[in-house]
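Only one structure is covered here, and it is reproduced in the block below.
Any read-out appearing in this document is the output of simple, stated calculations on the displayed coordinates, not a laboratory observation. What you see is a predicted model, and the numbers here were worked out from it, not measured in a lab. As a convention, Cβ positions derive from the backbone with ideal geometry for all residues, glycine included, and neighbour counts pool all protein chains shown.
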Amino acid sequence: MSAPDIEAPRTRSRIRATRTDVELCSWLFMRMSGVVLVALITLHLVMNLVVGDGIQGVDFAFVAGKWADPFWQVVDLTMLWLAMIHGTNGVRTVINDHARRDLTRYWLKMLLYLSFTVVVVLGTLVVLTFDPCPVGADAALLPDFCPAR
Amino acid sequence: MTKAPAGTLYRGREGMWSWVAHRITGVLIFFFLLVHVLDTALVRVSPEAYDDIIGTYQNPVVGLGETGLVAAVLFHALNGLRVMAVDLWAKGTRYHRQLFYGVVGTWVLLMIPFTVRHLGNVFGE
């Protein structure tokens, strides 16, 4: 009884399914930004909704008090950018999964990227050019540290 | 009328429903985020404009909506941590169901005190 001939296994094709690692980067980014966002958004909710008067304490003076401090500007800018990239990438995945026509997917994603750009640019400009003591505003609405008070 | 053959619809269990809930909460939070950046941008217009818009957030009906929004955010956060555990922890796939019940339990435990505190602020004086 001779040993059966066993053919050499097929050599795996060297051609990769995709040329780039975009989807791998996307997968990794969702996890890394997710961990940071859990911490940042928990802090955001505790600061704005739980401590002090909660939602009743949120007004212009409250926001001005936070953004007069570079620490909160950096925290909120980081949160804005990470949340917008994380959310846009998530909605991109949802569109890819559920929109069946090529053209529908294309236009939904264009609309998504346009919204991303508008919101991130606007939000960034607002945080960076913010003036906690605007001239000519009703002094009663300003934070305590403003000279107009 | 022909009856659809039984058993052709995929009825997933904890794994599928956590995936569905993660998608729905994620999309909901994304649309709120777009609105939230726009309303906050009013601080750059004038203190009066910002205080006007934030006044609508202090309205009782919107206050209930905020509770729902925080519920969505907390679920998405906890379930996201569970997804990471399933992906990166060697035993994550074996215990994904237990992890899911851990997510739901922790979510309930966090939502009870938050709801009491937040609705107390919204409906209190």
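Miscellaneous remarks
- Largest-first principal axis extents of the Cα set of the protein assembly as shown (Å): 102, 47, 40
- Gain upon complete extension [B:Asp39, B:Ala90; 0.36 nm per residue less C-alpha separation]: 14.0 nm
- Computed per residue of chain B from DSSP H runs no shorter than four, each worth -39500 (n - 2.57), the mean residue ellipticity at 222 nm is -27000 deg cm²/dmol.
- Axial C-alpha extent at least 20 Å, average Kyte-Doolittle at least 0.0 - helices from chain B (DSSP): B:14-40, B:60-88, B:96-123
- A Gaussian network model of chain A, with springs between Cα atoms under 10 Å, assigns the largest mean-square fluctuation among A:Phe116, A:Phe71, A:Phe130 to A:Phe71.
- Listed residues B:Thr106, B:Thr25, B:Thr40, most fluctuating in chain B (Gaussian network, C-alpha, under 10 Å): B:Thr40
- Relative contact order (percent, whole number), chain A, Cα cutoff 8 Å, 6+ residue spacing: 26
- Spacing of the two label points (7 Å from each Cα toward its C-beta) at A:Met110 and A:Val135, in nm: 4.4
- In degrees, nearest ten, helix A:22-45 long axis to first principal axis of chain A (Cα): 30
- Applying a 4.7 Å Cβ-Cβ cutoff to chain A, the cysteines left without a disulfide-compatible partner are A:Cys25.
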